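Presented below is the structure to which this report refers.
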Amino acid sequence: VLQRAGCLQRCLGRRLRPAPSAHRASRAVRRDFERREPYNYLQVAFFKLKKLDQAVSAAHTFFVANPQHLQMREDIEKYRRMSGVKADSFQDLEATPHWEAYETGVQHYDADEYLQAVARLEESLSEALSALEECRALCEGPWEDEDEEEKMQPGLYEAIAAHYIQVLKCRQQCVLEIATKPGRISATEDFIPSHLDLLHFAYSQVGNQTLAAECAASYLLFYPTDEPMLEKMKQYRTELGEDAAVTARQSIQHYVQRSLMEKKLIYYAVEHLGETFNDPDLWTPDELIPENLKEKYREDQEKQKQETLHVEEREKRGPLPFEGIAVTMDSQQMNGTQRVVFDRVLTESECKDLLRLTEAAGEAGDGYRARRSPHTPHERFEGLTVLKAMQLAQNGDVEWRDAKLLLQASEKSQKIIEAYFTPGKKLHFSFTHLVCRTAIDGEQEGRMDLSHPVHADNCLLDPEGQECWKEPPAYVYRDYSGILYLNDDFQGGSLFFTEMDTVTVTAEVRPKCGRLVAFSSGKENPHGVWAVSRGRRCAIALWYTHSQEHAEQERVKAEELMQQRAVEQDRPDGDEQQGTDRSSRSSSEPRAPRRATKPAEQRQKPGSGRKQHPKVLQARDEL
């Protein structure tokens, strides 16, 4: 230990003059570097120096790790439009070799190009293990204690134990660092084992049974009871001969043995020294965890299970006025307040009918002709009010049934939102708008803007002042907002919420038929819409108010036209009675349960369904 300390001191002294301690970076500085913050400053500095290519590279490097940063998104779009900027300047200066190789390898694997997949996955595994060693070395830094001043200073053995366990836990977390792609929050599960699983299958497909068996044996070090892999090992031994020596890779043996020894020490500290530990690996053997900790984990899991059951029960008996509607996400899950997502508000057939209404209205023209979006030149915008829909139906341009369904769908949404947010307090319609946004072909390359910029619905957002001003031209009387989606066969177009800064994304909602997202209209819910880069996105935009004087007058006229139609037909709904009744009824009935997923017991191609295959963990805030 003393010799190693002396060696490090001499090395640091040569590299970092004067004293190495002057070069110790604070935790805040290190965090900024992890987030690539210096590149944000560099791109501005290079731009002012008129070094455009370097500014672009710095901006792109920052954006890769911060893809939700809206200001940088706009800056990059400006760079793309500048003359003199080279396309190859958009490069990630901090790119990690193992991620590039891994993603390329998986692409070849999915395309059944196994020779190419083997080469890139081997490269990725080698680079990942190298990156892991570098990360582990950096764990041997100074002792860090946020409450250092408040605690009594430890003695020799306590100090050694505490610092050593800190280093061990840091080393264990390195696997998450290398398994997390820049710009993502969550790591890829079983990153190292998944390489071996994919390589085992790829080698078997190219006829190299020896290396396939070696990868299978290496995988079994992580999951020794995996029955499908054990069966494959029997098959390999039969094919290669019983005398053939099939062993795991030396590098993987070392990796697993070292990790298990570290875990054993850490769990001892958890049990006897009051330490805490979040094990990053799914493959940790059960017998390694102390019995008293297992019991605590079981209790925590049971408690979580009970809480889930309570939530489900509450949803079943909730105050929603229609059966079959599910609360998919609430405010807590969406990291905000007064936010909710409902599913199954409309059926597939009702969505199709409403989409047909938009197409028929477009063909009829009369105020519904597509035009450039007011928010972006890259999209066409179409909008239809309830009154316009009724007038088109009166002229025979659209079906009465479809126009009536627009009224019914918006009324159903109003009842759901009122029951959920303001039971007992009437919500009046403020405005109802059936809106479609269509990506313009040939104008999407390099696009970085939004379909709808970040805003609040009843106040003027001031991101710099962290305020939202309730004054005209904002619709200050609006209290709640809703969006009822009709389709999902397009690219982009998701709704997202941000903090008051309009930059920090807190939640995202992907459109789908029958999904209703509702939220209060104030400063607590700034929101925007990602660009629609391909296809056509249609939804019913809804705004509500508690103020009767600001109620939607067009809706009153639309309802009068509908009543007039009923009188003319001399029966409540005329020939459309059967169709509209069917639509209304089906939207409030629960859907038939989906067919159960086929259990993945039989060994199949890795990546096609088994839980050990590479997949992205659920992110904490996403997306």
>> I need a count of the residues in the range 106-131 that are more than 16 Å from I192 (Cβ to Cβ) and open to solvent by less than 50 Å² (accessible area, probe 1.4 Å).
In response: 5
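The rows are residues; the columns are (1) in contact (Cβ under 8 Å) with a residue 60 or more places away in the chain; (2) surrounded by 19 or more Cβ atoms within 10 Å (Cβ to Cβ); (3) among the hydroxyl-bearing types (S, T, Y).
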| residue | (1), (2), (3) |
| --- | --- |
| A212 | no, yes, no |
| F222 | yes, yes, no |
| M229 | yes, yes, no |
| K234 | no, no, no |
| R249 | no, no, no |
| E262 | yes, no, no |
>> Considering only the range 266-282, I want to know if a residue exists there that is at pLDDT 75 or above, of a type in the set (V, I, T) and part of a helix (DSSP H, G or I).
In response: yes
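Here is a yes/no grid of residues against (1) outside any loop (DSSP other than H, G, I, E, B); (2) of a type in the set (D, E, K, R):
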| position | (1), (2) |
| --- | --- |
| V476 | no, no |
| S481 | yes, no |
| D489 | no, yes |
| G514 | no, no |
| A518 | yes, no |
> Looking at the range 491-503, which of the residues that are assigned to a strand (DSSP E or B) and open to solvent by less than 10 Å² (accessible area, probe 1.4 Å) is farthest from L354 (Cα to Cα)?
Replying inline: T498
> If you go through the range 455-466 one residue at a time, do you hit one that is over 23 Å from I76 (Cα atoms), out of contact with any Ser or Thr (no Cβ under 6 Å at 6 or more places or on another chain) and in a helix (DSSP H, G or I)?
Replying inline: no
> Given the range 1-92, what helices (runs of 4 or more DSSP H) lie entirely inside it while holding 3 or more residues that are modelled with pLDDT under 90, out of contact with any Cys (no Cβ under 6 Å at 6 or more places or on another chain) and loosely packed, with under 15 Cβ neighbours inside 10 Å?
Replying inline: 2-15, 27-34, 70-81
>> For T506, only one of the following conditions fails: (1) part of a strand (DSSP E or B); (2) under 21 Å from L542 (Cα atoms); (3) at pLDDT below 95. What is its number?
In response: (2)
> Is it the case that the range 407-416 has a residue that's modelled with pLDDT under 90, surrounded by fewer than 18 Cβ atoms within 10 Å (Cβ to Cβ) and in contact with a Pro (Cβ under 8 Å, 6 or more places away or on another chain)?
Replying inline: no
> Can you pull out the residues in the range 151-210 that are part of a loop (DSSP other than H, G, I, E, B) and either open to solvent by less than 50 Å² (accessible area, probe 1.4 Å) or small (G, A, S) (or both)?
Replying inline: G155, A179, T180, P182, G183, S186, A187, E189, D190, G207
> Can you name the number of the only condition in (1) out of contact with any Asp or Glu (no Cβ under 8 Å at 6 or more places or on another chain); (2) outside any helix (DSSP H, G or I) that A217 fails?
Replying inline: (2)
>> Suppose we filter A419, A389 for residues that are closer than 18 Å to V345 by Cβ and among the small types (G, A, S); which single one remains?
In response: A419
>> Under 7 Å between Cβ atoms, which residue pairs at least 6 apart in sequence (or on different chains) link something in the range 355-379 that is of a type in the set (F, W, Y) and modelled with pLDDT under 85 with a partner that is outside any loop (DSSP other than H, G, I, E, B) and open to solvent by 80 Å² or more (accessible area, probe 1.4 Å)?
In response: none
>> Return the residues of the range 420-445 that are small (G, A, S) and either open to solvent by less than 20 Å² (accessible area, probe 1.4 Å) or touching a Phe, Trp or Tyr at 6+ places or on another chain (Cβ under 9 Å) (or both); say none if nothing qualifies.
In response: S430, A439
> Out of all the residues in the range 218-245, which are at pLDDT 95 or above and either small (G, A, S) or over 28 Å from P285 (Cα atoms) (or both)?
Replying inline: S218
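The values are calculated or read from the model by the stated rules, or taken from the named source; none is laboratory data. Small disclaimer: the values here were computed from a predicted structure and weren't measured. Note that we place each Cβ from the backbone using ideal geometry, even for glycine, and neighbour counts take in every protein chain shown. All accessible areas refer to the heavy atoms of the entire protein, side chains included, with ligands and DNA or RNA removed. Shrake-Rupley method; radii C 1.70, N 1.55, O 1.52, S 1.80 Å.
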